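Below is one structure, written out as structure tokens; the observations come after it.
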Amino acid sequence: MSREPWFAVLRPLSGRRRAGLWFVSFLWPLLLWSAVSYVPFLWHPMIHVTAPGDVTWFRPDMLIDRHEFARESEKILAAGGRAPEGYRANPIYLPAPHCVARALYTAFITKPVLRGDTWLHESLWLSIQTIFWGFVISSAVGVPLGILCGSYAALSRVTEPLVDFIRYMPAPAFGALMVAIFGIYQEPKIAIIFIGTFFQQVLVVANTVRKVDPALIEAAQTLGANRRKLVWRVIVPASLPDLYNDLRILLGWAWTYLIVAEVVGISSGITFFINQQAKYRNFDNVYAAILIIGFIGLLTDQILAFVGQRLFVWRSGRASRLRTLAGRLFAGRYVLLFPEEPEGDNT
């Protein structure tokens, strides 16, 4: 019995293969990072000084370029002095995986260096609030407008050319203007997230709405549906699963604008934490903060995907226990209210 090929065009993989490849997608970057960090001959362009010897400007735990270390060693040996000692290492901006893994814990318990600086969990919470409000406000305006643009060609021709024009303008370019309008605190950051996602939302949602099967529209018109009912009773329900996935993708766009948004006005949030740790050369904390952003984004996306599979079970093909239970309860109540008539002559 032949096995299914791994690279079949437009054919889904089995559940086991999907899970295995999902794991591999995270494993191979980690293996590459580990190889570069722990195998000296692959890269390791620096020397971590353990004993400076007679080199006056060397200090313990310094990182020196490997060629510079070799030149200084030759000079000292030629002069009859003690050569410095050290081992090969990566630059300070590329800490080893175990250092970053340790920083994922220690960064949360390390007290801020300066008074007034925020802890990591406080910075994260501030960033999450910025993303949340920026994306919620953007969706509250952009999704209905996109639905209307996709439904009515006249409104599309009036709105979409301008939206298409503005979406090419980089959101950070509005930073100074947003500070002038909203001040220097959280409001201009939320506005940058709004600008970065709103115009994309309108076009993406409108394009999704246009993909609704015309047969559904024709059937509803045959049954006497007016324009309002066509939009809210036919077009919106038919495109709802795709709209949900569009919002999942666009939420990732909001996270990409976060770093830029948080340097507008007063630096705050996770961006401020990253910049401060980079200033103090604590690059293990920098990597840890970046990974935490990725973890939060991935976790959010997986939760939304899980919820979407349960909400739109007709699209995913996966049965929902909650929907099944509700259906059974409703069916039982229906039977109790309207019992079946006994068979026989009703005369």
Query - Tensor-based shape of segment 236-316 (alpha-carbon gyration tensor, a/c under 1.5 rounded, otherwise prolate or oblate) - result: prolate
Query raised in the report: Any idea what angle helix 120-151 forms with the longest principal axis of the chain, computed on alpha-carbon atoms, 0 to 90 degrees, nearest 10?
Result: 40
**Report entry** Helical mean residue ellipticity (222 nm; -39500 (n - 2.57) per DSSP H run of 4+; nearest 500) of the chain
**Finding:** -21500 deg cm²/dmol
Requested in this report: Please list 218-225, 238-245, 278-285 highest first by mean number of surrounding beta-carbon atoms within 10 Å per residue.
Outcome: 238-245, 278-285, 218-225
Query raised in the report: Short version: ³J(HN,Hα) in whole Hz for each residue of segment 232-248, in order, from phi by Karplus 6.51 cos²θ - 1.76 cosθ + 1.60 (θ = phi - 60°), x for Gly and Pro, what are they?
Result: 8, 9, 10, 5, 4, x, 5, 9, 4, x, 5, 5, 4, 5, 4, 5, 4
Report summary line: Once normalised by the length of the chain, the mean sequence separation of its alpha carbon contacts under 8 Å that are 6 or more apart gives a contact order in percent of 16
Report task. With the full set of protein chains in place, find how many percent of the accessible area of segment 46-89 is carbon and sulfur; take the probe as 1.4 Å. Result -> 54
Report summary line: The percentage of the accessible area of segment 120-312 (probe 1.4 Å, all protein chains present) made up of carbon and sulfur atoms, to the nearest whole number, is 68
Query - Lysine pairs meeting the criterion (Cα under 29 Å, 8 or more apart or interchain), as found in the chain - result: 4
Query raised in the report: When the convex hull of the Cα atoms of segment 254-295 is projected onto a plane and the area is averaged over all directions, what value comes out in nm²?
Result: 2.9
**Report entry** Accessible surface, segment 53-109, averaged per residue in Å² (probe 1.4 Å)
**Finding:** 63
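The values are calculated or read from the model by the stated rules, or taken from the named source; none is laboratory data. Predicted model, so just to flag it, every value in this text is computed and none were measured. Every residue, glycine among them, receives a Cβ derived from its backbone with ideal geometry; neighbour counts consider all protein chains shown. The protein model used for the area step is the full one, side chains on, heavy atoms only, and it has no ligands, DNA or RNA in it. Shrake-Rupley method; radii C 1.70, N 1.55, O 1.52, S 1.80 Å.
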